[in-house]
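Before anything else, here's the structure in question.
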Amino acid sequence: MRISELISTSKVHMSCEIFPPKVFEKVEEAKSVVGEICKLHPSYVSVTYGATGKTPHFTQEMSECIQDCGVVALNHLTCINDTKSKVQVVLDNLKKVGVNNILALRGDLPEGVDFPGEDHFRYASELIEAIKLRGDFCVGAACYPEGHPEAPSRDQDLIYLRMKQDAGADFMTTQMFFDNNILYQFLYRALQKGITIPVTAGVMPVTNANQIRRINSLSSASIPQRFMSILDRFGSDPESMKKAGIAYATDQIIDLIANGVNNIHLYTMNKPDIAKAIIDNLGCILDTSYE
Ligand code: FAD
């Protein structure tokens, strides 16, 4: 099923994200995580793509495993580290195995490395256009409620985002954010720029203090004072931090749904127990349609 069709109904949709194994020896372990997450009946499960593009087959294998569990898969694909022809091979392989939902991303170059050249796609919008020409794929794109860190301004970032929609993107998934007001303002500004495709809100449950360091290095998501207090108070007590992180994410999701955001993507990163705790907390809220 195409994710754009799935998420355009008035039902609340909760999706989850996993990352693929890096080595063959970890494939079975990763498949068992997929099995646990699929038992929670998410609307779809996305699989990240190694930034270096060295192990696309593991991302594809996880996507196939998700579909074998009867759940829709969203296969991430980055382009900056691969030649255009290698990207086409990855696309043809996905088509062959029936994976037709792709999150099209630029990815990041290793620090200090320049753009490799014309045989590479430079921006996600170029990749989206190429995917659409290659097959009947449903294509998602990334968006950044606080602006992409390299963008000259938030406004310019939205102009580039509109280019992704114009290139054929069918839906968008946001970078994580910890203050819902940032998302609401972003959605309003995106609409003003004519961005009308569905947006899925990415929520990251922070359940240990180390995650915050990683979040700081990977994204520009700002941490509100309310969340800092939780970290200060519970950061050194793993069990309490886990409970508080699950409660914070649950609270964020309830507020999103109450404000009409029906599509939520959980950055659960291979932790089925955390996804389960949040889904259990939400209970019947997830089974209801809200017009
Ligand atoms: P783009 O849309 O190409 O934007 C990159 C930068 O270029 C932005 O600053 C933008 O403003 C600017 N820009 C865009 N178009 C133009 C233009 N025409 N001219 C000038 N400037 C332009 N990374 C991974 O390696 N693997 C993953 O699986 C992965 N999954 C992700 C999932 C989500 C939901 C998100 C939000 C991010 C994910 N990332 C992943 C990280 C992502 O690859 C990085 O954030 C990357 O820096 C930008 O990717 P993009 O697709 O948004 O790039």
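The values are calculated or read from the model by the stated rules, or taken from the named source; none is laboratory data. What you see is a predicted model, and the numbers here were worked out from it, not measured in a lab. No Cβ is skipped: glycine too gets one built from the backbone with ideal geometry, and neighbour counts run over all protein chains shown. Keep in mind that these areas ignore ligands, DNA and RNA; they rest on the heavy atoms of the full protein, side chains included. Shrake-Rupley method; radii C 1.70, N 1.55, O 1.52, S 1.80 Å.
Roughly speaking, what is the stretch gain from ASP119 to LYS54, that is 0.36 nm per residue apart minus the C-alpha to C-alpha distance, in nm to one decimal?
21.7 nm
For each cysteine in the chain, check whether another cysteine's C-beta sits under 4.7 Å from its C-beta; list those where none does.
CYS16, CYS65, CYS79, CYS138, CYS143, CYS284 - these cysteines have no disulfide-compatible partner (Cβ-Cβ under 4.7 Å) in the chain.
Would you mind telling me the share, in percent, of accessible area of the chain contributed by carbon and sulfur at probe 1.4 angstrom?
With neighbouring chains kept in place, the figure for the chain is 52 percent.
Could you give me the ³J(HN,Hα) list for region 96-106, computed from phi with Karplus coefficients 6.51, -1.76, 1.60 and θ = phi - 60°, whole Hz, x at Gly and Pro?
Result, rounded to whole Hz: 4, 9, x, 8, 10, 10, 10, 9, 8, 10, 6.
Choose one answer from ASP251, ASP82, ASP114: the residue with the largest mean-square fluctuation in a GNM of the chain with alpha-carbon springs under 10 Å.
ASP114
Trypsin sites (Lys or Arg not before Pro), restricted to region 47-116: which are DSSP loop and have at most 12 other Cβ atoms within 10 Å?
Details: sites: LYS54, LYS84, LYS86, LYS95, LYS96, ARG106; in loops: LYS54, ARG106.
Those that pass, being in a loop and sparsely packed, are LYS54.
If I stretch the segment between LEU218 and THR83 completely, what's the gain in nm (0.36 nm per residue apart, minus their alpha carbon distance), one decimal?
Values: separation 135, 0.36 × 135 = 48.60 nm, distance 2.41 nm.
Gain in length upon complete extension: 46.2 nm.
At a threshold of 8 angstrom on Cα-Cα distance, excluding pairs fewer than six apart, so keeping six or more, what relative contact order does region 3-287 reach in percent?
20 percent
Related question: Which lysines have a Cα less than 18 Å from the Cα of LYS54, not counting those fewer than 8 places away in the same chain?
Output for LYS54: LYS22, LYS26, LYS84, LYS86.
Run the helix sum for the chain: -39,500 (n - 2.57) per DSSP H stretch of 4+ residues, divided by residue count, reported at 222 nm to the nearest 500 deg cm²/dmol.
That comes out to -14000 deg cm²/dmol.
Can you work out the accessible area per residue across the chain, with the rest of the protein chains kept in place, probe 1.4 Å, in square angstrom?
Heavy-atom SASA per residue in the chain reads 47 Å².
Calculate the FRET efficiency for LEU133 and VAL97 from the Cβ-Cβ distance with a Förster distance of 25 Å, rounded to the nearest 0.05.
0.80
May I pose another question? How much length is gained if the chain between ARG2 and TYR188 is pulled fully straight, taking 0.36 nm per residue apart and subtracting their Cα-Cα distance, in nm to one decimal?
That works out to 64.4 nm of additional length.
Report, in whole Å, the centroid distance computed from the Cα atoms of region 25-64 and region 93-151.
Taking the Cα centre of region 93-151 as reference, the centre of region 25-64 is 19 Å away.
Place the peptides 156-169, 23-36 in order of packing, highest mean first, counting for every residue the other Cβ atoms within 10 Å and averaging per peptide.
156-169, 23-36
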